[in-house]
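Q: This structure is in C-alpha cells; I'll ask about it shortly.
The values are calculated or read from the model by the stated rules, or taken from the named source; none is laboratory data. The model shown is predicted, which means the values in this text are computed figures rather than measured ones. Ideal geometry is used to build each Cβ from the backbone, glycine not excepted, and the neighbour counts take in all protein chains shown. Each accessible area value is taken on the protein alone, full model and side chains, heavy atoms only, with ligands, DNA and RNA left out. Shrake-Rupley method; radii C 1.70, N 1.55, O 1.52, S 1.80 Å.
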Amino acid sequence: MSAGAFLDLPGSFFSENRFDNCARIAELGDVPVLIIHGDADTFVVPRQAELLHEAAEGEATLRLVEGGEHSTVPTEGGEAYWGWILDFATGEP
C-alpha cells in the first residue's frame with residue numbers, strides 16, 4: 001500500500017472477497033450521502049464512485065478531487081475537501 005494508507009491488507013483479501021457496495025448503499029434508503037473520491041485513484045477507480053452515486057436512493061452528492069489518488073484525497077482536496085464535509089454535516093448546500 002502507498003504511504004499514508006490506513007490499512008495494510010494483503011492483496012488476496014480484496015481479490016477473494018466481494019463487496020457489493022452499490023447494493024449496500026441502496027439499503028440506506030432515503031438518507032443523504034456524500035461521496036468524495038480522487039479522480040486519479042487507480043486502486044478504486046472513479047467509475048466506482050460514480051456507480052455508488054447512481055445507486056444511492058437518497059440525496060447523493062459526489063465530489064471528485066482533481067489529482068486525488070487513493071490515499072491523497074484529503075491533502076489534494078485541501079480546504080474544499082473539509083468544506084464539503086462541513087457543509088454535508090451541517091446541511092448546507
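Q: Heavy-atom accessible area per residue, the range 12-93, 1.4 Å probe: how many Å²? Can you show the working numbers first?
A: Values: 5620 Å² over 82 residues.
In whole numbers, the range 12-93 has 69 Å² accessible per residue.
Q: Oh, and also: Give me the Å³ per residue figure for the convex hull around the C-alpha atoms of the range 39-93.
A: About 76 Å³ per residue, rounded to a whole number.
Q: Along the Cα→Cβ direction, 7 angstrom out, place labels at Thr61 and Ala23. What is the inter-label distance in nm?
A: 3.0 nm
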